[in-house]
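Inspection log for the structure reproduced underneath, given as structure tokens.
The values are calculated or read from the model by the stated rules, or taken from the named source; none is laboratory data. Please read all numbers here as calculations on a predicted model, not as lab measurements. As a convention, Cβ positions derive from the backbone with ideal geometry for all residues, glycine included, and neighbour counts pool all protein chains shown.
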Amino acid sequence: MSHQTIVNLSVASTKPTGITTYTNNLFPYLHSLNPTLLISRTVANFTCYSVPGNLTPDQGTKGHIRRLLWTQFQLPQIYKNLKSSLLFSPLPEAPLYSNCRFVVTSFDMIPLRFGKRFSPLTPYHHYYTPQVLKQAQHIICISQTTAKDITDFYQIPASKITSIPLAHDHTHFRPLNLPTSNYFLYIGRQDPYKNIQRLISAFAALPNCKDYELWLVGPIDLRYTPTLETQVAELGVTNQVKFLDYAPYSELPKIINQAIALVFPSLWEGFGLPVLEAMACGTPVITSNLSSLPEVAGDAAILIDPYNTAEITEVMQAVATDSVLRSRLSSQGITHSQQFSWEKTGKATAEVLSRYL
């Protein structure tokens, strides 16, 4: 029996970060294509083909390298055995120079904009990814910003790219009517492009800083966290800045709901899911006026220049002290977030894939 579409879910990990959240929410809407899922667990109501469970971001760089080797050498054989006519990969990885026809999703060009000088993944971003994008039948991007970046960086024609925004689970991220606590919230990794150093400086400059806390939710990273902790100590705000590590998905709505505001001053994002999730909870959002963030936030957040620390302080102070502003941002955020749904994202994705079957 031939399976026309195979969906590569080898990247799906147990600690859902952006890509896993995307894959887990997307594939249920691909049912109409009757696909076979390449996955390390079984999924009810889908045909599944078992793949190794050690190819995920949970295994760090080793997992990444194992997945690339598996993609290049095992995946074409699976494609052939299942008599496939299309592979969908929810990240820009696919077998190069093979007979596989594929569509991939691209998230962002951050490694090219903010390259790490000695990263083992530099060749991956400079040589492998562009080849995957060039050999793909079509590319799905999570924002118009990323679509434009692919055209600018790799000279790939815009006609080969479709922008389909991400979404949030509105049964999970919603207003819980909990009392607001005294903390500002940041959710995400601690890489330098996330701009946490300026966020900490902006927080420490609040006129009545001692009345507030800043919660940094996201995996502790030994490359970057120690520098941030030193900065916090030097500014004398050690008791107020909490490094909370990775928060389980189940706890996020409560943490978001009780924050004064989500402050997300990233220097670049392919999308910026925390912005959408916070708006869905009715939590005021302060975010950057750069990259995809204005696309996601619309007019329902306060947009700041992320390079201007004084401006970040000023807006944090305004949101903390002005209850009318807070309630306006809250209701605009809830309304705006309703434009995004995984059903829309999934159906639009299935529509693109069906064109290449």
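Worth pointing out:
- Subset of region 119-147 (residues that are under 20 Å from the mean Cα position of the chain (by Cα), under 14 Å from Thr105 (Cα atoms) and surrounded by fewer than 17 Cβ atoms within 10 Å (Cβ to Cβ)): Gln144
Table: residues versus (1) outside any loop (DSSP other than H, G, I, E, B); (2) surrounded by fewer than 18 Cβ atoms within 10 Å (Cβ to Cβ).
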| position | (1), (2) |
| --- | --- |
| Val7 | yes, no |
| Ala12 | no, no |
| Phe27 | yes, no |
| Ser32 | yes, yes |
| Asn45 | no, yes |
| Tyr49 | yes, yes |
| Thr61 | yes, yes |
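Conditions (1) without any contact (Cβ under 8 Å) to a residue 24 or more places away in the chain; (2) in the same structural domain as Ala147 (by TED's automatic domain parsing); (3) among the basic types (Lys, Arg); (4) touching a Phe, Trp or Tyr at 6+ places or on another chain (Cβ under 6 Å), marked per residue:
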site	(1), (2), (3), (4)
Ser291	no, no, no, yes
Asn308	yes, no, no, no
Val319	no, no, no, no
Gly346	no, yes, no, yes
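- The set of residues from region 136-180 being closer than 30 Å to Ser330 by Cα and either of a type in the set (Lys, Arg) or touching a Leu at 6+ places or on another chain (Cβ under 7 Å) (or both) comprises Ile142, Leu166, His168, Arg174.
- Which listed residue is part of a helix (DSSP H, G or I) and either more than 28 Å from Ala147 (Cβ to Cβ) or not assigned by TED's automatic domain parsing to the domain that holds Ile187 (or both), from Val275, Val296, Val315: Val315
- For the condition surrounded by fewer than 18 Cβ atoms within 10 Å (Cβ to Cβ), of a type in the set (Lys, Arg) and in contact (Cβ under 8 Å) with a residue 12 or more places away in the chain, Lys194 does not qualify.
- Hey, Leu96 free of Cβ contacts under 8 Å to residues at least 12 places away in the same chain, over 30 Å from Ser341 (Cβ atoms) and in the same structural domain as Pro120 (by TED's automatic domain parsing) or not: no
- Only one of the numbered conditions (1) surrounded by fewer than 16 Cβ atoms within 10 Å (Cβ to Cβ); (2) over 25 Å from Ser143 (Cα atoms) is violated by Arg113, and that is (2).
- Condition met for Phe27 (aromatic (Phe, Trp, Tyr), modelled with pLDDT of 95 or more and within 19 Å of the chain's Cα centre (by Cα)): no
- Set Ser159, Ser201, Ser181: member being surrounded by fewer than 18 Cβ atoms within 10 Å (Cβ to Cβ), touching a residue at least 60 places away in the same chain (Cβ under 8 Å) and assigned to a helix (DSSP H, G or I): Ser201
- Look at (1) closer than 30 Å to Pro120 by Cα; (2) surrounded by fewer than 13 Cβ atoms within 10 Å (Cβ to Cβ) and you find that Thr105 fails only one, number (2).
- Filtered residue count, region 296-349, keeping only those that are within 30 Å of Leu30 (Cβ to Cβ), of a type in the set (Gly, Ala, Ser) and surrounded by fewer than 19 Cβ atoms within 10 Å (Cβ to Cβ): 3
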